[in-house]
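J.: Questions regarding the structure given below will be posed in turn.
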Amino acid sequence: LALRGDALVGAGRAREAIAELERARELLTALYDARGAELGIVESNLGAAYSALDEPERASVHQGRALALLEAAYGPEHPDLAFPLLAIAQALGARGRHDEALPSLRRAAALAPPQARPFAQARLAAGLVAVGRIDEGLDTFARARAGLGEVDIDPVLVGDVEESFANALWSAQRTTEARAAAMRAHEAFVDADQPARAEAIARWLAQHPEAASITRSPPAPSRTPPRR
C-alpha cells in the first residue's frame, strides 16, 4: 500500500495516493504503535500528496509528523531528514512565512544526500532572496549550480535550480545572466520531456526581455521537493 501510494503521488494521482497512504498508515500504526521510520516515510508521502493538491497546511502537518518519526528512528543528522524539512519550509513559504522557513532550509541543505543537495541549496537560496538577502542568496545559488556537475541528477531538478536562479538574478537586475539561466532551465525541461515546464520557461523569457528595467521579478513557482 505504501509503495503504491508513493507511485500514485509520482504519477500525479494525489487523491488516489492519499487513500492508499492513509490505509498504509493505519496498518503501520497497528503494527508499530505509531513509531518507526516506515511510518515516517508514509507521513512524508502524505505530505507530498497534499502539497500536490495545493493544501500546504495539511501538508505541513504530515511533514512535521514525518520529521519527528524519522528523527527518532535515525537521529538528528540523517540525510533522509532533508526531505520533510524542505517540505515544511515550502509550506511556510507558501503562507509568506519566509523568515520562519529559513532554519529548516539551512538544515535541509546541510543534511541532504549528494543527489538532492543542489536542489536543497537552491531552495535555501530562494528563501534567502525572498527575505531580501539577495547577495547571500546568489552565492548559495552558485554553490547549488556547481553541485549539479558533481552528481548524476534528474534533469527536472536541474531545471528547477536554473529556474529559481533566473528569478533571483532578475531580482538583482542581472538580466543577461537571468536569461541565460532561464535558457538552461528550458533546455533541462526539454531534455526531461517536460513540455509544460519548458513552455512556462519560454513564456518567462518572452515576458523578461534583456533590456527591461525592473526592481524585482515575480516569485518563482513553488516546487515540491523530491520524494524519497
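The values are calculated or read from the model by the stated rules, or taken from the named source; none is laboratory data. Quantities reported herein were computed from a predicted structural model and do not represent experimental measurements. For neighbour counting, all protein chains shown are included, and Cβ atoms are generated from backbone atoms with ideal geometry for every residue, glycine included.
J.: So how many residues does the stretch 15-63 have that are loosely packed, with under 14 Cβ neighbours inside 10 Å, under 22 Å from the mean Cα position of the chain (by Cα) and in a helix (DSSP H, G or I)?
T.: Adding up the residues that qualify gives 2.
J.: I would also like to ask the following. Look at the stretch 68-80 and say how many of its residues are closer than 26 Å to A94 by Cβ, surrounded by fewer than 22 Cβ atoms within 10 Å (Cβ to Cβ) and of a type in the set (A, V, I, L, M, F, W, C).
T.: Of the residues in that region, 1 qualify.
J.: Out of the residues in the stretch 96-116 that are assigned to a loop (DSSP other than H, G, I, E, B) and not polar (S, T, N, Q), which is nearest to V158 (Cα to Cα)? Working first, answer last.
T.: Going through the stretch 96-116, the residues assigned to a loop (DSSP other than H, G, I, E, B) turn out to be 96-97, 112-116.
Okay, now just the ones that are also not polar (S, T, N, Q), so 96-97, 112-114, 116.
Values: G96: 25, R97: 26, A112: 16, P113: 16, P114: 13, A116: 10 Å.
Across the stretch 96-116, the extreme among qualifying residues is A116.
J.: Tally time: how many residues in the stretch 133-157 are closer than 24 Å to A87 by Cβ, out of contact with any Phe, Trp or Tyr (no Cβ under 6 Å at 6 or more places or on another chain) and either outside any helix (DSSP H, G or I) or in contact (Cβ under 8 Å) with a residue 40 or more places away in the chain (or both)? Full working, then the answer.
T.: Keep residues of the stretch 133-157 that are closer than 24 Å to A87 by Cβ, which gives 133, 136-137, 140-141, 143-145, 147-148, 151-157.
In the following step, the residues that additionally are out of contact with any Phe, Trp or Tyr (no Cβ under 6 Å at 6 or more places or on another chain) were identified as 133, 136-137, 140, 143-145, 147-148, 151-156.
Among the residues that remain, those that are also either outside any helix (DSSP H, G or I) or in contact (Cβ under 8 Å) with a residue 40 or more places away in the chain (or both) are: 133, 151-154, 156.
Matching residues across the stretch 133-157 total 6.
J.: All but one of (1) of a type in the set (A, V, I, L, M, F, W, C); (2) in a helix (DSSP H, G or I); (3) surrounded by fewer than 22 Cβ atoms within 10 Å (Cβ to Cβ); (4) modelled with pLDDT under 90 hold for A212, so report the exception by its number.
T.: (2)
J.: Which count do you get for residues in the stretch 72-94 that are farther than 18 Å from A120 by Cα and either touching a strand residue (DSSP E or B) at 6+ places or on another chain (Cβ under 9 Å) or not hydroxyl-bearing (S, T, Y) (or both)? Reasoning before the result, please.
T.: First, pick out the residues of the stretch 72-94 that are farther than 18 Å from A120 by Cα: 72-75.
If we keep only those that are either touching a strand residue (DSSP E or B) at 6+ places or on another chain (Cβ under 9 Å) or not hydroxyl-bearing (S, T, Y) (or both) as well, we get 72-73, 75.
Selection size over the stretch 72-94: 3.
J.: Inspect the stretch 142-165 for any residue being modelled with pLDDT of 90 or more, of a type in the set (K, R) and more than 17 Å from P113 (Cα to Cα) and give the result as yes or no.
T.: no
J.: Assuming Q173 fulfils every condition listed in (1) in a helix (DSSP H, G or I); (2) at positive phi apart from one, which condition is it?
T.: It fails just one condition, (1).
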